[in-house]
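Have a look at the structure below, then the notes.
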């Protein structure tokens, strides 16, 4: 009975996905998937790097950081007013136009699907306001983590998330800020035999994954992503105002008002090896100018 239910859910999920995609696109992708399964044992592992962005500025060198870790780079440009500067260097570039709001879960589902078409088993995720620690600067470090994840039968490897606070030399550590994580590395769930697609409105800040399976995961003890989006008081206020305006009912994003509360504020110094990377890659003036109150929309 369970197998019959799983097959019914799979067929329903595929029907929903076909309704969202151009005619014939899903069939071509699934055809490539079948071929991939047959070749899987005979070929090296492939890694996709995915980035969803709006009005990319490269102030954190996110694209170059991502490209250094992966075989395939997939970029989804969600209604940018300015052209993505590295379009010609992407393995695939997807541009969305005329869609209201920012829907991170829907974007991720599309990027995971395109990674499946490119026969990529594992996916590295980065955002355009994140910088990686020194433990994630080359492809071998990613390959080593994938090998460990496969041995342990893991689906997601989380990095610690550090919000840079008032200066790129320190990050906030009190309360919830000490507990944040980021899904840096994920198994491509489009190769799961029981794949299903969950409507994004039903998946607030949850990982993109088949609804009838619970992923196995762990938090990497060394990897860190540094978030520049809360660097200054002005950036924090702009972030809260943006989501209050675009998503007042918090259907797609949590209420970010907590980032304005500095009660019990504690910070810690960025380690020296990471600080060297931040100083080399992070362009603070360019970032704050692009992300200030005048910026109308963008990624989380």
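The values are calculated or read from the model by the stated rules, or taken from the named source; none is laboratory data. Quick caveat: nothing in here was measured; it's all calculated off a predicted structure. FYI the Cβ positions are ideal-geometry reconstructions off the backbone, even for glycines, and counts take in every protein chain you see.
Couple of notes before you dig in:
- Residue count for region 239-251 under the criterion of being touching a helix residue (DSSP H, G or I) at 6+ places or on another chain (Cβ under 7 Å) and either closer than 16 Å to residue 164 by Cβ or assigned to a loop (DSSP other than H, G, I, E, B) (or both): the result is 2.
- Residue 106 being in contact (Cβ under 8 Å) with a residue 40 or more places away in the chain, in contact with a helix residue (DSSP H, G or I) (Cβ under 7 Å, 6 or more places away or on another chain) and closer than 11 Å to residue 128 by Cβ: no
- Which listed residue is part of a loop (DSSP other than H, G, I, E, B), at pLDDT below 95 and closer than 30 Å to residue 249 by Cβ, from 119, 95, 100: 100
- When region 254-277 is filtered for residues that are over 25 Å from the mean Cα position of the chain (by Cα) and farther than 15 Å from residue 165 by Cβ, only 272 remains.
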